[in-house]
């Protein structure tokens, strides 16, 4: 794990409580997640306060990971690098695990932290990665030239929009987890 001793010892500021009468709704989402991942990430447990937000968040993740339009490895790399810049250790570790499970080399994954151009994704996807990272770090720096570079690789406006939405969604999730000290799996143990 990449977390410091202080981060591992930090207690969550709040503990998830499912609203009365909404237990079945939350359990249905958790059951689907557990079937897919084999466990319930504590970051998702935090969202059980709001079943509607939990469903929306899981729906967004499912869409972004579907592979229908964009490769799951690209989407995981976006989440990984946004998490790295956001200092969300929970998300860094989880996405690093997803990427290695996809067969990517750990050293290559980590090299992208300081040099996104070194990300172990196809060259065709790098303009999308660049736009996604710019969108959360300096949105005004995304230019028509960036968009054209992505389109030159065959990407559509929807693809470009989706990577920006994925980056923004991940940044928000990272900040929610950091705010409440949910920095590692087992935080609610």
In segment 23-43, is there at least one residue being under 25 Å from residue 133 (Cα atoms) and modelled with pLDDT under 95?
-> yes
Report yes if some residue within segment 68-86 is more than 19 Å from residue 125 (Cβ to Cβ) and out of contact with any strand residue (DSSP E or B) (no Cβ under 9 Å at 6 or more places or on another chain); otherwise report no.
-> yes
With the condition kept exactly as written, say whether any residue in segment 164-174 is crowded, with 17+ Cβ neighbours inside 10 Å and farther than 30 Å from residue 48 by Cβ.
-> no
Scanning for something surrounded by 13 or more Cβ atoms within 10 Å (Cβ to Cβ), part of a loop (DSSP other than H, G, I, E, B) and either touching a helix residue (DSSP H, G or I) at 6+ places or on another chain (Cβ under 8 Å) or modelled with pLDDT under 90 (or both), does segment 45-68 turn up at least one residue?
-> no
Checking residue 13 against (1) part of a loop (DSSP other than H, G, I, E, B); (2) loosely packed, with under 12 Cβ neighbours inside 10 Å; (3) modelled with pLDDT under 95, which test does it fail?
-> (3)
Residues being free of Cβ contacts under 8 Å to residues at least 40 places away in the same chain and either under 12 Å from the mean Cα position of the chain (by Cα) or farther than 23 Å from residue 39 by Cβ (or both): count how many of those fall in segment 65-95.
-> 7
Among (1) in a helix (DSSP H, G or I); (2) in contact with a helix residue (DSSP H, G or I) (Cβ under 6 Å, 6 or more places away or on another chain), residue 40 falls short only on (1)
Scan the helices (runs of 4 or more DSSP H) fully inside segment 106-189 and keep the ones with 1 or more residues being under 12 Å from residue 78 (Cα atoms) and either within 18 Å of the chain's Cα centre (by Cα) or in contact (Cβ under 8 Å) with a residue 60 or more places away in the chain (or both).
-> 106-111, 126-137, 157-179
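The values are calculated or read from the model by the stated rules, or taken from the named source; none is laboratory data. Just so you know, these numbers come straight off a predicted model, no measurement behind them. Every residue, glycine among them, receives a Cβ derived from its backbone with ideal geometry; neighbour counts consider all protein chains shown.
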